[in-house]
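The values are calculated or read from the model by the stated rules, or taken from the named source; none is laboratory data. None of the values given here were measured: they were computed from a predicted structure. Backbone-built Cβ (ideal geometry, glycine too); neighbour counts: all protein chains shown.
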Amino acid sequence: MCNSAFHLLEKVKRYCSKRLIPFVFLLYLCFPLSLFSFAATDIKSTINYQGKVVNSDGTNVIAGIPSCVAVGADTCDFRFSIYDALTGGNLLWTENQTDIEIGDYDGIFNVKLGRVTSFSAALRDFGRDDLYIEVEFDPSGNADFAEGEIFSPSQNF
């Protein structure tokens, strides 16, 4: 009985080794390629950006102050710009985001930069030290930025 079990085990081993070795080898060859495809698709095209709008005296926004914060329609407009210098630099990217909710969150806003206007390949290198973001707020909420307020100073990005 033991002898027949041993022979059966040997047959299974031979059968599996003929089939399994090529499969394992193929898996070994394909695995690095699958990692590469996941790494290439993991590059993000948007960046979360959060801030807070307050009144000039530092108090939280309330209905009617600024005018874009009204009962039932607490959305305001923002313009985000990236420059290559703190002041007087070249404009590298800009994006308007409208109807951003701030009234229900005491002036706190959260946006995804790059959602409206994609970043160029050159801007995706955020290891650079010469990128500065400027945030402009339109208190009227009509996206014309005529009485827009620029958050100052610009922040190193």
Review point. Can you pull out the residues in segment 125-157 that are under 23 Å from the mean Cα position of the chain (by Cα) and over 17 Å from SER81 (Cβ atoms)?
Key: ASP125, GLY127, ASP129
Revision key, fill the gap. Out of (1) closer than 17 Å to LYS52 by Cβ; (2) in a loop (DSSP other than H, G, I, E, B), the one PHE109 does not meet is (2)
Review point. Do we have LYS11 as outside any loop (DSSP other than H, G, I, E, B), modelled with pLDDT of 60 or more and outside the structural domain of TYR132 (by TED's automatic domain parsing) here?
Key: yes
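So, CYS68, is that one at negative phi, at pLDDT below 85 and more than 17 Å from the chain's Cα centre (by Cα) or not? Can you show your working first?
Working: at negative phi: yes; at pLDDT below 85: yes; more than 17 Å from the chain's Cα centre (by Cα): yes.
Against the criterion (at negative phi, at pLDDT below 85 and more than 17 Å from the chain's Cα centre (by Cα)), CYS68 qualifies.
Listed here are the residues, each with its yes/no results for (1) more than 29 Å from ILE65 (Cα to Cα); (2) without any contact (Cβ under 8 Å) to a residue 24 or more places away in the chain.
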{"position": "GLY103", "(1), (2)": "no, no"}
{"position": "VAL111", "(1), (2)": "no, no"}
{"position": "GLY114", "(1), (2)": "no, no"}
{"position": "SER118", "(1), (2)": "yes, no"}
{"position": "ALA121", "(1), (2)": "yes, yes"}
{"position": "ASP129", "(1), (2)": "yes, no"}
{"position": "ILE133", "(1), (2)": "no, no"}
{"position": "PHE137", "(1), (2)": "no, no"}
{"position": "ALA143", "(1), (2)": "no, no"}
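Quick grid of which residues meet (1) polar (S, T, N, Q); (2) modelled with pLDDT of 90 or more; (3) not assigned by TED's automatic domain parsing to the domain that holds VAL61:
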site	(1), (2), (3)
CYS76	no, no, no
PHE80	no, yes, no
ALA85	no, yes, no
GLY107	no, no, no
GLY114	no, yes, no
THR117	yes, yes, no
Check your understanding: Does segment 140-154 contain any residue that is surrounded by 15 or more Cβ atoms within 10 Å (Cβ to Cβ), outside any loop (DSSP other than H, G, I, E, B), out of contact with any Gly (no Cβ under 7 Å at 6 or more places or on another chain) and among the acidic types (Asp, Glu)?
Key -> no
